[in-house]
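Visitor: Dumping the structure here so I can ask a few things about it.
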Amino acid sequence: RRAVLHVYEGRCALTGMKLVNGGGRLETEAAHIMSVGDGGPDASNNGIALSGIVHWRFDRGLIGLSDSGDILLSSKINDREGVEKMIHSDRRARWPSAPSYRPHPRYLAWHRDRFGFQASN
């Protein structure tokens, strides 16, 4: 968690928000891309910093990511306009500058396959 939040500078990769609670603790979450229960490692390149609501949507397959960081939106989203207002306007995730910390394409592909994302989503 600490390493993922550090390389994303505490910001949600999809919204850019840096949420800090009243006690000074980051509320941005370190999310697994490929779940540990499905064999995903507890490694920084299988993690991404997300705000709580984006994390929830990502875990339920309402939001996905291409290998290059394009934000993919599921047709199952019931408030697409609201989600589009929340994410970066260019619909691109912000990856860490160090390539070794960026999400590995294998885990991103697993997530897309699990939730049925196509390249054109």
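Visitor: So for the pair residue 84, residue 53, with labels modelled 7 Å out along Cα→Cβ, what separation do we get in nm?
Guide: Once both label points are built, they end up 1.7 nm from each other.
Visitor: Per residue, what accessible area does the chain have, given a 1.4 Å probe and all protein chains present, in Å²? Working shown, then result.
Guide: Values: 6680 Å² over 121 residues.
Per-residue accessible area for the chain comes out at 55 Å².
Visitor: Which percent of the accessible heavy-atom area of the chain goes to carbon and sulfur, probe 1.4 angstrom? Don't skip to the end; give the middle numbers.
Guide: Details: 3120 of 6680 Å².
That fraction is 47 percent.
Visitor: Quick one: 3J(HN,Hα) in Hz for region 33-45, Karplus 6.51/-1.76/1.60 with θ = phi - 60°, rounded, Gly and Pro as x.
Guide: Once rounded to whole Hz, the list reads 7, 9, 4, 4, x, 9, x, x, x, 8, 10, 4, 7.
Visitor: Whole-Hz Karplus ³J(HN,Hα) for region 51-61, in order, using 6.51 cos²θ - 1.76 cosθ + 1.60 and θ = phi - 60°, x for Gly and Pro?
Guide: Here the 3J(HN,Hα) series is 6, x, 5, 5, 4, 4, 5, 5, 5, 9, x Hz.
Visitor: Here is a follow-up. Using a simple charge model, +1 on the beta-carbon of Lys and Arg, -1 on the beta-carbon of Asp and Glu, nothing else, what dipole does region 1-41 show about its Cα centre, in debye to the nearest 20?
Guide: It works out to roughly 160 debye.
Visitor: Once you put a point 7 Å from the Cα of residue 2 and another 7 Å from the Cα of residue 100, both along the Cβ direction, what distance in nm separates them?
Guide: Distance between label points: 1.8 nm.
The values are calculated or read from the model by the stated rules, or taken from the named source; none is laboratory data. Nothing here was measured: the structure is a model prediction, and the numbers come from that model. Cβ coordinates were reconstructed from backbone atoms using ideal geometry, including for glycine residues, and neighbour counts include every protein chain displayed. Remember, those area values only see protein heavy atoms, side chains included, never the ligands or the DNA or RNA. Shrake-Rupley method; radii C 1.70, N 1.55, O 1.52, S 1.80 Å.
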